[in-house]
Amino acid sequence: MTTSKKMKKGLAVAIFTFAVVTGLFAQNSATINADAGKHIINKHVYGHFAEHLGACIYGGFYVGDTNKIIPNTNGVRNDIIDALKKLKVPNLRWPGGCFADTYHWKDGVGPKANRPSIVNRWWGGVTEDNSFGTHDFLNMCELIGATPYLAGNVGSGTVQELADWVEYVNGKPNTSPMSTWRVKNGRTEPWGVNIWGVGNEAWGCGGNMKPEYYANVFRQYATYMTDWTNSDKLFRVASGANVDDYNWTEVLMRDIPHHMMEGVALHHYANVKWTEKGSATNYTEAQYFATIKSALRMEELVTRHSTIMDKYDPRKRVALVVDEWGGWYEVEPGTNPGFLYQQNTIRDAMIAGVTLNIFNNHSDRVRMANLAQTVNVLQAVILTNKEKMITTPTYHVMEMYNVHQDATMLPIQLTTNDYVFGAEKLPAVSVSASKNAAAVTHISLVNIDASKEQTISIDLRGAKYNAVTGRILTSKKLQDFNSFDEPNKIQPTVFNGAKLSGTSIQVKLPPFSVVVLTLK
Ligand code: AHR
């Protein structure tokens, strides 16, 4: 070898070594312990949220029981019922949100013609005629196959009013004033609602309370929320912290006896900045990066709130309930700012994918969550326009991930490359895995990188698999979305980028993609 050839070879080796050491050629890798799962991914982590806000209920779910144009069952759109059944919605939260603390449920039962109208003071100041009330919601949940999650009014209601609501929906027929009234209003058997929110955002729209004060109020309300069914024990959720208000969780866990409280809530929304949320569809890569960074903050929030809960509840009796999460952007131009109507792009699919992976991986403590909101509001899974209905990229992620519901979470060790933008970086790959009752393993992977494919090598320990199949959700452009003109622009397709060899799988994840693998 000539001196110049030797020098070139030496230089090549040095560059290669530098690249490996600095991570330029770093390989994403994960080890999944398929025989080491301990915690069930509670199906309720895949919950949804329907508030009397904008066109979520009126003009969304509910088109009125005299509507002859849009096919419906008792006023609820049949196409929405079908789409949500396919999603396997485990629970649906209602009637708010901020609206819940202004809602007086007795206004929404009995003959519709006699129901009073109110003004929806939080959302657009529109008239709320109470035509969609308790019976409408609970019957709709039965059609969808979802467990109802009722949010009680603590901010402007009374203890008696909430106790009456529990009695109305759960009391044995004709055994009490409320259960007798229910029968008179057309429903004999109780619905048996066991998930109850005791107020919402008590630190803000739910009464601007301090945590010590709210803890006392919660104790009082919870005392009178009787278990009328004697079979379904009530699951009472305390209004939880705003994002990183760790003191809120600390005070609630310290001051509320744990036999009175089954869950503590947490709310976190993703956007560029709270004061500059950015457009839902027209964003730069910098805004994409900032929004995903904000969504990924859920990992830190869940970890830190859980650590506080562990201090007071090491046996993890009380669940962390993330009952509002999702992307929150500027409303679509020309729409009512109080209606929070926004489009939903592949960026929202990334948010859903990484957030659900975080929840799955924290299944020991996060046992319920609600995406905000189901139809026409914030990170919706469904958008409607008169008789048209479309499903969003977020819908598809929720549908692809529903294989994890009630499966055993499999622990994972992940080493990931960075997605670098400017001077900042984020973990490019996110992953979670579960094994279901039929011993089928599912692995959900997200590559958030806006331009680079990521290859990941997954080492599977403790199980033997013969075949891998997969589905992928991605798009051509980072700003793509489904519209009423192109409703199927983004939808899951067959994924052929995974190769199984022995106990290892190599997976090629295109930029901004969500993949779910099935291993048998
Ligand atoms: O989801 C929209 C609103 O966000 C809810 O009504 C409220 O709880 C939160 O601030």
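The values are calculated or read from the model by the stated rules, or taken from the named source; none is laboratory data. Treat the numbers as computed from the prediction; the structure is a model and nothing was measured. Cβ atoms come from the backbone with ideal geometry, glycine included; neighbour counts cover every protein chain shown. Ligands, DNA and RNA are excluded from the accessible area calculation, which covers all protein heavy atoms including side chains. Shrake-Rupley method; radii C 1.70, N 1.55, O 1.52, S 1.80 Å.
Using 19 Å as the cut-off for backbone N distance, which residues of the range 259-275 belong to the label zone defined by a point 7 Å from the Cα of Val159 along Cα→Cβ? Counting only backbone N, you get 259-262.
Using a 4.7 Å Cβ-Cβ cutoff, the cysteines of the chain lacking any partner cysteine are Cys56, Cys141. Dividing the mean sequence gap of close Cα pairs (under 8 Å, 6+ apart) by how many residues the range 43-407 holds gives a relative contact order of 19 percent.
The residues of the chain have, on average, 41 Å² of accessible surface per residue, using a 1.4 Å probe with all protein chains present.
On the basis of the beta-carbon distance and an R0 of 60 Å, Asn496 and Asn216 show a calculated FRET efficiency of 0.55. A crude spin-label estimate for the pair Thr469 and Thr31, with each label 7 Å from Cα along the Cβ direction, gives 3.1 nm.
The share of alpha-carbon pairs in the range 43-407 lying farther apart than 24 Å comes to 55%. Descending by average beta-carbon neighbour count within 10 Å, the peptides 145-157, 88-100 line up as 88-100, 145-157, the highest first. Distance between the C-alpha centers of the range 362-396 and the range 290-354? Whole Å please. The range 362-396 and the range 290-354 have Cα centres spaced 12 Å from each other. Find which of Val403, Leu383, Leu473 sits farthest along the positive direction of the dipole of the range 370-486, computed with +1 on the beta-carbon of Lys and Arg, -1 on that of Asp and Glu, about the Cα centre. After comparing all options, I get Val403. Across the range 96-106, rounded Karplus estimates of 3J(HN,Hα) from the backbone phi angles (6.51 cos²θ - 1.76 cosθ + 1.60, θ = phi - 60°) give x, x, 3, 4, 4, 7, 10, 8, 10, 4, 5 Hz, Gly and Pro being marked x. Three principal axis extents describe the C-alpha atoms of the range 170-285; from largest down they are 59, 38, 23 Å. Oblate is the label for the range 449-495. Its Cα gyration tensor axes, ordered a ≥ b ≥ c, give a/c of at least 1.5 and b/c at or above a/b. Compute the FRET efficiency between Ala423 and Lys508 as 1/(1 + (r/R0)^6), taking r as their Cβ-Cβ distance and R0 = 35 Å, and round to the nearest 0.05. E(calc), rounded to 0.05, equals 0.80. For the residues Lys386, Lys477, Lys43, Lys68, a 1.4 Å probe over the protein chains yields an accessible-area ranking, largest first, of Lys68, Lys386, Lys477, Lys43.
Placing Lys435, Lys489 in order of accessible area, with the largest value first and a 1.4 Å probe, yields Lys489, Lys435.
Amide hydrogen proximity for Gln454: with H placed 1.01 Å from N in the peptide plane, the residues at 5 or more positions away or on another chain lying under 5 Å are Leu509. Ordering Gln27, Asn185, Gly199 by Cα displacement along the dipole of the chain toward the positive end leaves Gln27 in first place; charges were set at the Cβ atoms of Lys, Arg (+1) and Asp, Glu (-1). The magnitude of the dipole of the chain, with charges of +1 and -1 set on the Cβ of Lys/Arg and Asp/Glu and taken from the Cα centre, is near 1760 debye.
Using a probe of 1.4 Å, the accessible surface attributed to Lys112 totals some 70 Å² when neighbouring protein chains are kept in position. Dividing the summed -39500 (n - 2.57) terms of all DSSP H runs of n ≥ 4 by the residue count of the chain sets its mean residue ellipticity at 222 nm at -8500 deg cm²/dmol.
You can think of it this way: the chain between Arg121 and Ala439 has 109.5 nm of extra reach, that is 0.36 nm per residue less the Cα-Cα gap.
The Cα center of the range 200-216 and the Cα center of the range 237-279 differ in position by 11 Å.
Near Ala151, the amide H atoms lying under 5 Å from its own belong to Trp94, Gly96, Gly197; only residues 5 or more places off or on other chains count, and H is placed 1.01 Å from N.
For the range 297-346, with all protein chains present and a 1.4 Å probe, just round the carbon and sulfur fraction of the accessible area to a whole percent. That share works out to 55 percent. Beyond 20 Å between alpha-carbons counts as too far, so tell me which of Lys476/Lys508; Lys112/Lys184; Lys86/Lys293 fall in that bin. As for pairs spanning more than 20 Å Cα to Cα, those are Lys86/Lys293.
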